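What follows is a set of notes on a single structure, which appears directly below.
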Amino acid sequence: MRSDVVCILKKQVVLSVGEYLFSRDFVIMDFSTTRGGIRSLISLRSIDQSNWEACIQLEPKQEQEGFIASNLYSIAESKFLPHMNLKAIYFEEILIGFAMYGIDSDDGNYWVYRFMIDEQFQGRGHGKSAMKLIIEDIRSRDDRTDVIWLGYQLDNEQARKLYASVGFKESGMAPWGEMLAKYSFH
């Protein structure tokens, strides 16, 4: 696969690898085409003073509220888990989602602990693009593990379909009652 320097973004060199752009400040962008044939610019950006308050305003659909902790709780929790990566998910310059992932201290593997797209932006392929970016971010890390794990509630059919569409395979029930799914880099 060919890599090219394609532009300078905020004085950062950006490399193109296939459909993805990687910049030195870890803004990762997906230029893939969505279901409707529209080019989608999805990016993962660090959560900081400029966007954390907007992140906590993001909401899932009402029927999804029981499936995930609030973004406020997740940001607070991350202050006690310094190995977590918190990312704001953007469509162009609009904040549309939130993700939290990192290496689990119990099993030494990467886990996606939180992933959500705001109710206004669901159903457009943005979640799939964002999850692909998370996978690529983990793949590019020096501490990458061979697999990525996540868990979801059995009645969360939308999550099951999304995770399966990017390559996660169900592997059974966790003791805490969630379906576990694994993505393998091999």
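Only a single item in (1) touching a strand residue (DSSP E or B) at 6+ places or on another chain (Cβ under 9 Å); (2) under 19 Å from MET179 (Cα atoms) is not met by ASP106, and it is number (1). Is it true that LEU21 is at pLDDT 90 or above and either within 15 Å of GLY127 (Cβ to Cβ) or not charged (D, E, K, R) (or both)? When the stated conditions are applied, LEU21 does not pass them. Each residue in segment 152-170 was checked for being of a type outside the set (A, V, I, L, M, F, W, C), touching a strand residue (DSSP E or B) at 6+ places or on another chain (Cβ under 7 Å) and surrounded by fewer than 18 Cβ atoms within 10 Å (Cβ to Cβ), and 4 pass. A search for C-beta distances below 6 Å between a residue of segment 150-166 that is assigned to a helix (DSSP H, G or I) and any residue that is modelled with pLDDT of 95 or more and among the aliphatic types (A, V, I, L, M), counting only pairs 6+ apart in sequence or on different chains, returns TYR163/ALA181. If I ask for residues that are surrounded by 19 or more Cβ atoms within 10 Å (Cβ to Cβ) and hydroxyl-bearing (Ser, Thr, Tyr), which ones from segment 45-96 would you list? Once the filter is applied, which keeps residues that are surrounded by 19 or more Cβ atoms within 10 Å (Cβ to Cβ) and hydroxyl-bearing (Ser, Thr, Tyr), segment 45-96 yields SER74, TYR90.
If the condition is being of a type in the set (A, V, I, L, M) and within 15 Å of the chain's Cα centre (by Cα), then segment 38-68 contributes LEU41, ILE42, LEU44, ILE47, LEU58, ILE68.
This table checks each residue for (1) closer than 27 Å to GLU53 by Cβ; (2) among the charged types (D, E, K, R); (3) not in a strand (DSSP E or B).
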| position | (1), (2), (3) |
| --- | --- |
| ALA76 | yes, no, yes |
| ASP137 | yes, yes, yes |
| THR145 | no, no, yes |
| ALA181 | no, no, no |
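The requirement of being within 18 Å of GLN120 (Cα to Cα), surrounded by 13 or more Cβ atoms within 10 Å (Cβ to Cβ) and touching a Ser or Thr at 6+ places or on another chain (Cβ under 7 Å) is satisfied by ILE42. Applying a threshold of 7 Å to beta carbon distances and a minimum spacing of six or more residues, or different chains, the list of pairs starting in segment 42-60 at a residue that is in a helix (DSSP H, G or I) and ending at one that is not aliphatic (A, V, I, L, M) reads CYS55/ASN71; CYS55/PHE98; ILE56/ASN71.
Beta carbons closer than 9 Å, at least 6 apart along the sequence or on distinct chains, pair a first residue in segment 132-148 that is in contact (Cβ under 8 Å) with a residue 12 or more places away in the chain with a second that is of a type in the set (Asp, Glu) and not in a loop (DSSP other than H, G, I, E, B) for LYS132/ASP30; LEU133/ASP30; GLU136/ASP30.
The values are calculated or read from the model by the stated rules, or taken from the named source; none is laboratory data. Predicted model, so just to flag it, every value in this text is computed and none were measured. Cβ atoms come from the backbone with ideal geometry, glycine included; neighbour counts cover every protein chain shown.
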